[in-house]
Each structure stands twice: as structure tokens, then as C-alpha cells.
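Some notes on the structure that comes next.
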Amino acid sequence: MATHCPYCALQCGMILREEDDAVSVLPRQFPTNRGGLCQKGWTSAELLSHPQRLTSPLLRDPASGELRPASWDAALDRITTGIRDVQEKHGRDAVAVFGGGGLTNEKAYALGRFARVALGTRHIDYNGRFCMSSAAAAGMRAFGVDRGLPFPLSDLGRADTLLLVGANPAETMPPLMRWLTEQRERGGRLIVIDPRVTATARQADLHLQPLPGTDLAVANALLHIALTEGYVDGDYVATRTTGFTEVRRTVAGWWPARAEALSGVPVADLEETARALGTAGRAIILTARGAEQHAKGVDTVTGFVNLALALGLPGRPGSGYGCLTGQGNGQGGREHGQKADQLPGYRRIDDLEARAHVAQVWGVPADELPGPGVPAYQLLDSLGTDQGPRALLVFGSNPVVSAPRAARIEGRLRDLDLLVVTDFLLSETAALADVVLPTAQWAEEDGTMTNLEGRVLRRRALRPPPAGVRTDLSILTALSSRLRAPGRQPPDDPHTVFAELRRASAGGIADYAGISWDRIDAADGVYWPCPDDEGPDSPRLFTYRFATADGLARFHPVEHRPAAEEVCADYPLYFTTGRVLAQYQSGTQTRRVAALRRAAPEAFVELHPDLAERLGVADGEPVRVLSRRGEFQAPARLSPGIRPDTVFAPFHWGGRARANSVTNDAVDPISGMPEFKICAVRVEKA
Ligand SMILES: Nc1nc2c(c(=O)[nH]1)N[C@H]1C(S)=C(S)[C@@H](COP(=O)(O)OP(=O)(O)OC[C@H]3O[C@@H](n4cnc5c(=O)[nH]c(N)nc54)[C@H](O)[C@@H]3O)O[C@H]1N2
Ligand SMILES: Nc1nc2c(c(=O)[nH]1)N[C@H]1C(S)=C(S)[C@@H](COP(=O)(O)OP(=O)(O)OC[C@H]3O[C@@H](n4cnc5c(=O)[nH]c(N)nc54)[C@H](O)[C@@H]3O)O[C@H]1N2
Ligand code: SF4
Ligand SMILES: [Mo]
């Protein structure tokens with residue numbers, strides 16, 4: 001059966017085969033992965049029948065404090081009683097929902113509707129806030145629309161110059177590297193900006209290795225050079241954009257030597273990068289989490305968008321700016337109402353017309369819909385406090401491992417009157433819950449996912465979930481009927497939910513009205529916006545106009561600023577975080593797959609050999625990393641490929657090896673994105 005991988009936003013095509021009870025994975029020719037899969041995709045079916053899989057609800061026993069198997073009736077009763085108690089005492093907003101970018105479009109949509117209508121709370125947000133929010137906000141303000149890649153992935157293979165800023169696809173989306181190989185075989189140049197010599201940087205023609213948190217200075221200097229060298233496309237700027245005068249004034253102060261002093265990137269490399277972009281027939285600039293997960297992430301992305309606009313790239317064939325979306329449904333998950341300020345179709349919840357449209361689809365009065373909630377970190381950090389919600393329902397996230405300053409968030413979760421987690425494995429967050437509900441896995445339910453290109457895809461059920469397990473949709477339906485809000489939730493059949501999503505999104509920015517499951521099947525996916533059944537979809541955006549009211553793209557002047565926390569005598573090193581190939585996110589899934597555990601068995605702290613020598617640490621020896629917020633411990637991994645002033649660790653592990661015990665919870669003022677990619681630490685021999 002043809003479907004797609006459960007993990008990242010590349011959504012590689014795969015075939016599932018069932019023999020007896022065992023499910024095997026085969027790669028599938030799909031226009032994005034062209035028959036490629038990474039190790040995570042190959043091994044994804046192993047979790048379907050994993051011995052640790054949850055097959056019964058779990059309830060915390062008040063006497064022993066342990067989680068014990070319970071019936072669905074008992075579990076659902078405990079949840080509805082808990083919700084009613086909390087809402088009676090503290091009001092409707094005292095219950096919150098936390099979603100995930102791995103949920104299908106149908107589930108993300110149903111979750112937003114459940115929060116606003118069945119619970120009547122304004123408090124819903126999701127882990128995409130930690131992932132996509134900075135690029136999303138920058139894209140919205142520049143282009144009037146936020147779609148990761150506004151062009152098909154295949155364009156990467158045809159670019160003369162490709163600039164990757166804070167992206168390591170060789171580990172995070174391995175089959176995507178085929179397009180980069182093709183690009184270089186055609187004579188194109190690949191330039192990578194990353195503080196580490198990553199597997200991706202090793203393939204680049206030019207690698208800029210800045211200090212973490214200085215990408216914005218680099219972007220402004222690149223535009224400064226483009227101006228002085230005459231690479232700016234004056235016609236394009238005049239006819240397709242507004243606001244350049246201010247930006248020109250700001251970047252005038254960013255002469256390359258100033259950026260070199262801050263970032264450590266040599267002037268010659270800055271000049272070479274500007275030339276490669278400015279003289280290319282086709283050029284593409286892509287950002288990912290390295291540039292975005294900062295308290296100035298929106299402005300940093302905006303710096304690169306300004307550069308792309310000044311060079312006249314967006315909307316030109318084979319050229320443009322894009323962001324590499326991360327989670328399986330990182331794109332669709334941010335369009336249909338899991339965000340605190342959003343209604344389906346990428347509508348704003350404070351827009352009266354949007355409220356009227358969606359309320360009519362949902363069959364409720366518009367003034368009954370709550371207003372905007374707060375972004376993920378602010379929400380998590382308010383839990384169980386006097387001002388915050390007292391009950392939380394989590395669908396598809398493991399914040400105990402993945403939230404910044406995680407020990408503090410773990411404490412907040414413990415302070416709740418009621419924590420409910422739906423998962424198919426006992427994640428670190430589920431282990432803290434009062435009620436855990438076992439849910440179906442990707443190969444056990446139908447639905448749609450929207451990949452990094454804005455292409456809507458079909459996920460297909462190979463077989464029903466095991467006995468005792470329900471789908472997220474049926475859990476939402478059951479809860480709303482117990483909350484005596486039946487009819488306030490769509491039925492639990494994903495096809496019916498998708499039909500409703502199409503109507504709710506109609507006329508919005510992310511318009512799915514013309515997308516049907518049959519149409520997706522017939523055409524290797526359908527790109528949004530797609531307003532009409534009969535009309536075309538939109539593989540390429542911006543060819544004639546941008547999605548702003550006047551059709552013009554907007555420049556925004558942006559200034560470099562220091563990280564929220566700078567190094568000092570007590571914490572003299574920069575700390576940054578990211579991913580390794582064989583583990584996924586908080587690791588709940590991949591740490592339980594034997595082959596992946598063998599490939600990446602434990603966390604590590606990547607250090608330059610010179611730094612290690614100063615600390616008296618040998619390769620493989622355990623070290624402690626300490627910040628103002630906490631500490632974690634893992635073996636040292638010596639690598640000459642990292643800057644000597646910077647240490648790196650992956651965030652896939654919990655417990656003592658939890659990198660997020662030290663990360664900074666400073667957030668971007670516009671997007672709410674936490675500063676995962678830079679804080680000040682001290683490293684000691686453990
Ligand atoms: N194997 C694997 N693949 C995944 C995932 C996974 O967990 N594991 N997760 C998926 C998801 S949700 C996402 S969001 C994507 C993320 O995909 P990427 O963004 O490619 O992944 P990261 O490793 O978080 O960050 C990329 C790079 O940023 C660099 N970096 C750190 N600080 C800075 C900085 O200040 N500036 C610059 N320029 N670079 C910096 C890091 O060294 C790292 O190599 O991956 C997706 N794919
Ligand atoms: N230090 C640091 N921290 C980071 C990052 C970083 O780069 N550095 N990156 C951030 C980013 S980009 C992201 S995306 C987050 C991700 O971090 P999390 O939000 O924790 O994401 P996952 O680990 O994918 O958690 C998904 C959980 O839901 C379960 N699950 C999967 N599918 C479903 C489903 O369909 N339904 C239900 N009910 N459950 C499901 C899984 O078993 C797992 O336990 O981490 C962020 N945290
Ligand atoms: S690259 Fe992403 S979608 Fe493709 S197989 Fe690996 S994890 Fe799955
Ligand atoms: Mo992500």
C-alpha cells in the first residue's frame with residue numbers, strides 16, 4: 001500500500017507490505033524522494049508492534065501514585081470530571097490544549113475546533129511554535145503568505161547558487177541531498193552557513209562558519225555588498241516590492257569588516273557569497289532552524305528575505321527564498337487552527353470576517369468563539385500558576401524533553417490539577433500524566449499531510465489499530481459527547497473531517513476547498529492554495545504577485561542584536577543544539593527502534609579538541625554542561641569541525657542527558673520562538 005513516512009516534512013513516499021503480522025517498508029518513487037528513504041523511514045514500521053506500545057488507557061492511582069491500566073470509560077470519565085471541575089472553579093480558559101506538527105491536517109483541524117467549541121477555551125498552541133514560527137512570521141510579513149517552499153523541491157536541483165542557512169539536510173532530510181547532488185552536477189554552487197562542519201557543510205563549495213546567533217549581521221553584510229557591487233535588481237525592487245529605502249539605510253552600516261568582527265566569517269567569504277548569489281541566473285536561499293531558533297529569529301529570516309528580494313529572486317523561475325519545514329505536517333499543522341491566534345485556512349482569530357465564516361461552518365454563534373491565546377512557551381510556563389490553566393491535554397508532543405528550560409516546564413506540568421496525554425508510547429511527558437490514552441499510529445488511520453512544498457498528500461491506513469487503541473479523532477469525539485457538547489465536534493471519520501476542513505479553509509490564505517482525497521491520489525498530491533474543484537493548484541507562488549493586499553512584497557529594516565544571553569567569566573562558552581540522523585525529535589519513537597539505537601545510542605557533547613585539552617577532557621569521557629538554568633551530562637565527542645568557542649549537543653534524550661535542561665527560554669517578541677540555538681554555558685569534566 002502506497003503511503004508516506006511518519007517522520008519529517010520531506011514525507012518520503014513509501015510502500016507498506018503486511019505479511020502475517022509483520023509490516024515491512026519499501027521505498028517508493030515519489031517526486032520528492034525519488035525512491036530514497038533514510039534510516040528512520042526504513043525502520044518506521046517496527047513501532048507498530050513494539051512491545052512497549054500502549055494498548056490500554058492508564059490512570060494514575062491516587063494511593064500508590066502509579067499509572068495503572070484502566071478501561072476507556074474510567075479514563076474518559078476521569079478526564080471529563082477533571083475538566084468540569086477545573087472549568088467550574090476557574091473558568092473556561094483554565095483548560096488548555098497542546099498539539100503537534102506531526103498530526104494530520106484532519107487532526108490538527110479537529111483539535112482546534114475541539115478547543116474553541118467543545119472546551120470553549122482560548123488556550124491552544126502547539127510544538128510548531130518551537131519549529132516553524134519564526135520563518136512563518138517573517139514570510140507572512142514579507143510575502144503575505146507562509147508556505148515553506150513557495151516552489152517545488154525539484155527547483156533546488158536547477159539552482160546555479162544555493163545558500164543554506166542553519167540547515168543540515170544531510171542528517172535531517174537525507175533523500176533531499178539528491179537534489180543538491182544534481183545541482184552541483186549541473187555546475188551549481190552550494191554554500192552553507194553553519195557553526196559546525198556538518199555532513200552538509202562537507203559537501204559545500206563554500207562553508208561560512210559563524211559564531212551562533214550572528215546570521216543577521218551576515219545577512220545585512222551580504223546585502224551591503226550586493227548594493228556596493230551592483231547586484232541589486234532595481235527594476236524588480238521598483239515594480240514588485242515596497243520599503244527598500246529604509247533597508248538600504250540600515251544595511252549601509254553593515255560593511256563586511258563589521259560583520260566579520262562579530263561573526264568571524266572572513267570578508268572574502270562574504271564577498272564570494274554575495275557574488276555567487278548576485279551573478280547567478282537562478283539562485284535560492286533557504287533557512288532552517290539554525291537561523292530561526294533565536295530570540296531574533298524573525299528578524300534574521302527577514303534579513304535573508306530582504307537579500308532575496310533585493311536580488312529579485314522570489315517569483316522568478318528556479319529562484320527564491322524558502323524555509324525547510326521540519327515535522328511531518330509542520331506545514332499543514334500551522335494552517336488549520338492549532339495556533340493560539342489562528343482559525344482554519346490560516347485565518348486570524350481576531351478577524352471578524354474570519355470568525356463569522358468559521359463559526360458558520362462550525363454551527364455556533366461567532367461571538368461564542370474565544371479570542372487569541374498565548375504562544376507555546378508562555379502557555380507552558382503559566383500552567384498550574386494562579387494566572388494559568390490548571391488542566392492540559394497534549395496531543396503529539398513531548399515537552400518534558402523538547403521544551404526550552406525543560407526542568408522548569410516539567411515542574412509546571414507537575415503542578416497541574418489534570419494532565420492528559422495521548423500517545424502510542426509512554427513518553428517522558430506521558431509518564432507525568434494523570435491519564436494516558438493509547439492512540440493509533442500513522443499506518444492505522446487515514447488522513448492528509450502537507451509537506452515542505454505545500455503539497456497535500458495522502459496517508460493511508462494499512463490496517464486498523466490494535467484492540468484497546470483508539471484514534472485521536474475518535475478520542476476527541478468521545479470527549480466532546482461526554483462534555484455534553486455533541487455536535488460541537490465533527491464525527492471521527494477523517495474523510496468527513498477533511499470535507500469540513502475544506503469548507504472552513506475556503507477563501508482563507510491556505511485554501512484547501514478544491515482539494516479532495518481523489519484528486520490527491522490522481523496527481524501525486526495537490527499544492528495549496530487550490531480554491532476550486534476544477535481549477536488549478538499552486539506549485540509556484542509569486543510569479544505575478546505576492547499575497548499582500550497590493551500584490552507587492554515588503555522589505556523590513558532589521559538590525560543585528562546580541563543573543564539573549566552572552567558568555568561571561570562563569571559561563572564562557574556558547575552552546576547550541578540540533579539533530580542527528582538516526583534520532584527524531586524528543587526520541588520517544590526512535591530511541592525505541594533497535595537499529596537506530598545502535599546507530600545513535602546516546603547523547604554527546606561536541607567539543608573542539610583545543611577546548612577539550614584546556615578542560616582536560618578526552619574523547620568519550622563524560623562531561624557536565626552547566627548554564628544558569630541547569631545542567632546535563634553526556635560523553636564528550638571531540639571534533640575539529642566545531643568552533644573552539646562553541647559546544648553542540650543533540651536534544652533527542654531525556655533524563656540526565658537532556659540538553660534542554662540548560663537551554664534559554666528567552667523568546668522572539670514576534671513569533672514566540674525560544675532561543676534553542678544559543679546560550680552561555682560552562683563545561684566540566686564529570
Ligand atoms: N534525523 C532527524 N531529522 C529531522 C528531525 C530530527 O529530529 N531528526 N526533525 C525534523 C524537524 S521537526 C526539523 S525542525 C528539522 C530541522 O532541520 P535542521 O534545521 O537541518 O536541523 P538542526 O540540527 O536543528 O539545525 C541545523 C543546523 O543549525 C546549526 N546551527 C546552530 N546554531 C546556529 C546558528 O546560530 N546559525 C546557523 N547558521 N546555524 C546554526 C547546527 O549546527 C545544525 O547543524 O529536521 C527534521 N528532520
Ligand atoms: N534544544 C532544542 N530543543 C528543541 C529543538 C532544537 O533544535 N533544540 N527543536 C524544536 C523543534 S523544531 C521541534 S519540532 C520540537 C519537537 O519536539 P516534540 O514536540 O516533543 O516532538 P516529538 O518528539 O515528535 O513528540 C511527538 C510525541 O507525540 C507522539 N506522537 C507522534 N504522532 C502522534 C499522533 O499522531 N498522535 C498523538 N497523540 N501522538 C503522536 C510521539 O510518540 C511523541 O511522544 O522540539 C523542539 N525542541
Ligand atoms: S527523510 Fe524524513 S520523510 Fe524521508 S524517510 Fe527520512 S524521516 Fe522519513
Ligand atoms: Mo521542528
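Values quoted throughout were computed directly from the atomic coordinates according to the rules given, and no laboratory measurement underlies them. Bear in mind the structure is a predicted one, so any value in this text is a computation, not a measurement. When we count neighbours, we look across all protein chains shown, and the Cβ atoms used for this are built from the backbone with ideal geometry, even at glycine.
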Applying the gyration tensor rule to the Cα atoms of the stretch 133-324 (axes a ≥ b ≥ c; rounded if a/c under 1.5, else prolate if a/b exceeds b/c, else oblate), the class is rounded
In debye, nearest 20, what is the charge dipole magnitude of the chain about its Cα centre with +1 on Lys and Arg Cβ and -1 on Asp and Glu Cβ, if you could check?
260
Residue-count net charge about Glu500 - beta-carbon cut-off 11 Å; Lys, Arg +1, Asp, Glu -1:
+1
State the dimensionless ratio Rg/Rh of the stretch 573-685 (Rg: radius of gyration of Cα atoms; Rh: Kirkwood radius).
0.97
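So what's the net charge close to Arg637: Lys and Arg +1, Asp and Glu -1, counting the other residues with Cβ under 13 Å from its Cβ?
-3
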Return the loop-located GluC sites (Glu not before Pro) in the stretch 17-85 (DSSP other than H, G, I, E, B) with at most 11 other Cβ atoms within 10 Å of their own Cβ; answer none if there are none.
Glu66
Could you tell me which residue out of Ala659, Gln29, Pro175 lies farthest along the dipole of the chain toward its positive end? Charges go on the beta carbon: Lys and Arg +1, Asp and Glu -1, centred on the Cα centre.
Ala659
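Using only alpha carbon pairs under 8 Å that are at least six residues apart, calculate the relative contact order of the stretch 2-49 and give it in whole percent. Could the numbers behind the result be given before it?
Numbers: 76 pairs, mean separation 15.3, N = 48.
Normalised by residue count, the contact order of the stretch 2-49 is 32 percent.
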Within 10 Å, count the other beta carbons around each residue, average over each peptide in 341-352, 72-83, and list them highest first.
341-352, 72-83
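By per-residue mean of other Cβ atoms within 10 Å, what is the highest-first order of 372-381, 99-108, 466-475? Mind showing how you got there, number by number?
Details: 372-381: 21.9, 99-108: 28.5, 466-475: 20.1.
Highest to lowest by the protection proxy: 99-108, 372-381, 466-475.
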Farthest toward positive dipole pole in the chain [+1 Lys/Arg, -1 Asp/Glu at C-beta], among Gly213, Gly322, Trp362
Gly213
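What percent do you get for the relative contact order of the stretch 1-146 when only Cα pairs under 8 Å and 6+ apart count? Don't jump to the answer; show the numbers that get you there.
On the way: 161 pairs, mean separation 17.1, N = 146.
This gives 12 percent for the stretch 1-146.
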Of 228-238, 445-455, ordering from highest average Cβ density within 10 Å down gives 445-455, 228-238
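Are there any trypsin sites (Lys or Arg not before Pro) in the stretch 173-278 that are in a DSSP loop and have at most 16 other Cβ atoms within 10 Å? List them by number.
Details: sites: Arg178, Arg184, Arg186, Arg189, Arg196, Arg202, Arg240, Arg248, Arg249, Arg258, Arg275; in loops: Arg186.
Passing both the DSSP loop test and the Cβ count: Arg186.
Above 34 angstrom, tally the Cα pairs of the chain and express them as a % of all pairs, no decimals. Write down the numbers at each step before the final one.
On the way: 99667 of 234955 pairs.
Within the chain, distances greater than 34 Å cover 42 percent of Cα pairs.
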Treating the beta-carbon of each Lys and Arg as +1 and of each Asp and Glu as -1, no other charges, what is the dipole magnitude of the stretch 2-49 about its Cα centre, to the nearest 20 debye?
380
Add +1 for every Lys or Arg and -1 for every Asp or Glu among the other residues with Cβ under 11 Å from the Cβ of Val298, and state the total.
-1
Scalar couplings 3J(HN,Hα) for the stretch 470-478 by Karplus 6.51 cos²θ - 1.76 cosθ + 1.60 (θ = phi - 60°), nearest whole Hz, x for Gly and Pro, are 10, 7, 4, 4, 6, 5, 5, 5, 5
Say the dipole of the chain comes from +1 at the beta carbon of Lys and Arg and -1 at that of Asp and Glu; which of Phe98, Val401, Ala600 then lies farthest toward its positive end?
Ala600
Which of the lysines could a cross-linker bridge to Lys296, judged by Cα under 28 Å and excluding same-chain residues fewer than eight apart?
Lys339, Lys677
Which percentage, to the nearest 5, of the DSSP beta bridges contained in the chain is antiparallel?
45
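Counting helices only, and only those DSSP H runs with n ≥ 4, report the 222 nm mean residue ellipticity of the chain as the sum of -39,500 (n - 2.57) divided by its residues, in deg cm²/dmol to the nearest 500.
Numbers: 22 runs with 197 residues, N = 686.
Roughly -8000 deg cm²/dmol at 222 nm, from the helical runs in the chain.
In percent, what relative contact order does the chain have, based on Cα pairs under 8 Å that are 6 or more apart in sequence? Before the final figure, lay out each step's value.
Details: 1664 pairs, mean separation 131.1, N = 686.
Relative contact order comes out at 19 percent.
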